[in-house]
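I have placed the structure first, in the form of structure tokens, so that the comments after it can refer back to it.
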Amino acid sequence: MSKFRVISLLLAFILITAIVLTGCQNDELENIKLVEVTHSVFYAPQYVAITNGFFEEEGLDIELINGQGADKSMTALLSGQADIGFMGPEASVYVYNQDKEDYAVNFAQLTQKDGSFLVGREDDPNFTFDKLKGKTVIGGRVGGMPEMTLEYVLRENGLEPGEDVNVRTDIQFAVMAGAFTGGEGDYVTLFEPVATTMEKENKGYIVASIGAEGGYIPYTCYSATRSYIDENPDIIQGFTNAVYKGMLWVQSHSADDVAEALQEHFPDTDKDILVELVNRYKSQDTWRPDPVLTEDGLTHMFEIMEGAGQLDKRAPYEKVVTTKFAEKAIENVTLEIKVN
């Protein structure tokens, strides 16, 4: 082979390699640090969106961080340790009312019911809330949606927290199950799969659904700081598109299919348990049909917060909520479905 031929082949190889590398660089996904308030089957559409590659379709690579509570999750968001937060919108209201300039704005809603269950020490198929009178319930952090919703449900059932029922708020969210199995309290509120796993191990028994009792609440939403949204509208839009695809997928597939998609996110939970939990959440109409956080929904949350004595001033809806990304996601995904 001539020297000229070798040089030509070498140059061609370099050119092809450069093109391939450039293509790879263009195809690189944007890493998004997402802090979630806890890791729960309650957030099934989010995990389904990850499993099915919906975020990747939008050019995003999701790095999940377990915030272990809304307070810690919001701290991570405001400090820049996370790009997007997933927690109750009450956290953004607290921040706004502190007069912070770069406060958090909610741009998409996922759940519309409380996702926790009341767990007792004995199986009680005939449980009624009057049985809580004189008892102690481990309820979570003061000012958090789980604790405030629990108080709302107690009042709706004629029980006044602090008088008829002792609601403990001194135990951190991440260790509530451990405190209960260690002998603290008569009842505890837990998310899935922790509640059902405890039941399978005969360490506690689900006696009531706080979500079924509490009714509609804008319980868990996605938020980001004003500055991040202003600087990264395409990322927020792509993220919302992916979440909405996950929501639609869960709506249109069986509990068995959803459980299959969830398995990699909950490797220590048997598939039959995941199927049971998905069916339970579906039966409660847990997940929003679309990602729009309405003003009526936020107003109801304000009422619950005021009832719990945790809100001195209502934040303006248009300040702590933007619906443009959710509305655009509905338009984008609907068009994509029609085209395909």
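Worth pointing out:
- Any hit, region 233-249, residues being out of contact with any Cys (no Cβ under 8 Å at 6 or more places or on another chain), in the same structural domain as Ala82 (by TED's automatic domain parsing) and surrounded by fewer than 16 Cβ atoms within 10 Å (Cβ to Cβ): yes
- Candidates Asp312, Asp296 - the one that is free of Cβ contacts under 8 Å to residues at least 12 places away in the same chain, closer than 24 Å to Asn97 by Cβ and either in the same structural domain as Glu90 (by TED's automatic domain parsing) or not charged (D, E, K, R) (or both): Asp296
- Evaluated against (1) buried (at least 22 other Cβ atoms within 10 Å of the Cβ); (2) in contact with a helix residue (DSSP H, G or I) (Cβ under 7 Å, 6 or more places away or on another chain), Met176 falls short on exactly one condition, (2).
- The residue that is farthest from the chain's Cα centre (by Cα), among those in region 79-92 that are farther than 24 Å from Val167 by Cα and in contact (Cβ under 8 Å) with a residue 40 or more places away in the chain, is Gln81.
- Residues of region 226-283 that are hydroxyl-bearing (Ser, Thr, Tyr), touching a helix residue (DSSP H, G or I) at 6+ places or on another chain (Cβ under 8 Å) and outside any helix (DSSP H, G or I): Thr269 alone.
- Some residue of region 131-145 being closer than 22 Å to Glu306 by Cα, surrounded by fewer than 24 Cβ atoms within 10 Å (Cβ to Cβ) and assigned by TED's automatic domain parsing to the domain that holds Tyr281: no
- Checked against (1) in contact with a Phe, Trp or Tyr (Cβ under 9 Å, 6 or more places away or on another chain); (2) over 12 Å from Pro45 (Cα atoms), Val250 passes all but condition (2).
- Inclusion of Lys131 among residues that are on the phi < 0 side of the Ramachandran plot, over 17 Å from the mean Cα position of the chain (by Cα), at pLDDT 95 or above and in a loop (DSSP other than H, G, I, E, B) is not warranted.
- Which listed residue is buried (at least 17 other Cβ atoms within 10 Å of the Cβ), in contact with a Lys or Arg (Cβ under 8 Å, 6 or more places away or on another chain) and either of a type in the set (Val, Ile, Thr) or modelled with pLDDT under 95 (or both), from Val153, Val188, Val165: Val165
- Residues in region 294-340 that are charged (D, E, K, R) and in a helix (DSSP H, G or I): Glu295, Asp296, Glu303, Glu306, Glu318, Lys319, Lys324, Glu327, Lys328, Glu331, Glu336, Lys338.
- Looking across region 203-225, the residues that are part of a strand (DSSP E or B) and either of a type outside the set (Phe, Trp, Tyr) or under 19 Å from Leu64 (Cα atoms) (or both) come down to Ile206, Val207, Ala208, Ser209, Thr220, Cys221, Tyr222, Ser223, Ala224, Thr225.
- Hey, Ala179 outside any strand (DSSP E or B) and at pLDDT below 95 or not: no
- Flag for Gly309 being surrounded by fewer than 20 Cβ atoms within 10 Å (Cβ to Cβ) and under 21 Å from Pro146 (Cβ atoms): yes
- In the set (1) touching a residue at least 12 places away in the same chain (Cβ under 8 Å); (2) within 18 Å of the chain's Cα centre (by Cα); (3) outside any loop (DSSP other than H, G, I, E, B), the condition left unmet by Val95 is number (2).
- The number of residues in region 55-72 being in a helix (DSSP H, G or I) and crowded, with 24+ Cβ neighbours inside 10 Å comes to 2.
- Against the test of being in a helix (DSSP H, G or I), of a type outside the set (Asp, Glu) and under 13 Å from the mean Cα position of the chain (by Cα), the options Ala108, Ala76, Ala49 yield a single qualifying residue, Ala49.
The values are calculated or read from the model by the stated rules, or taken from the named source; none is laboratory data. From a predicted model like this one, the values you see are computed outputs, not experimental measurements. Here the Cβ is made from the backbone with ideal geometry for all residues, glycine too, and neighbour counts use every protein chain on show.
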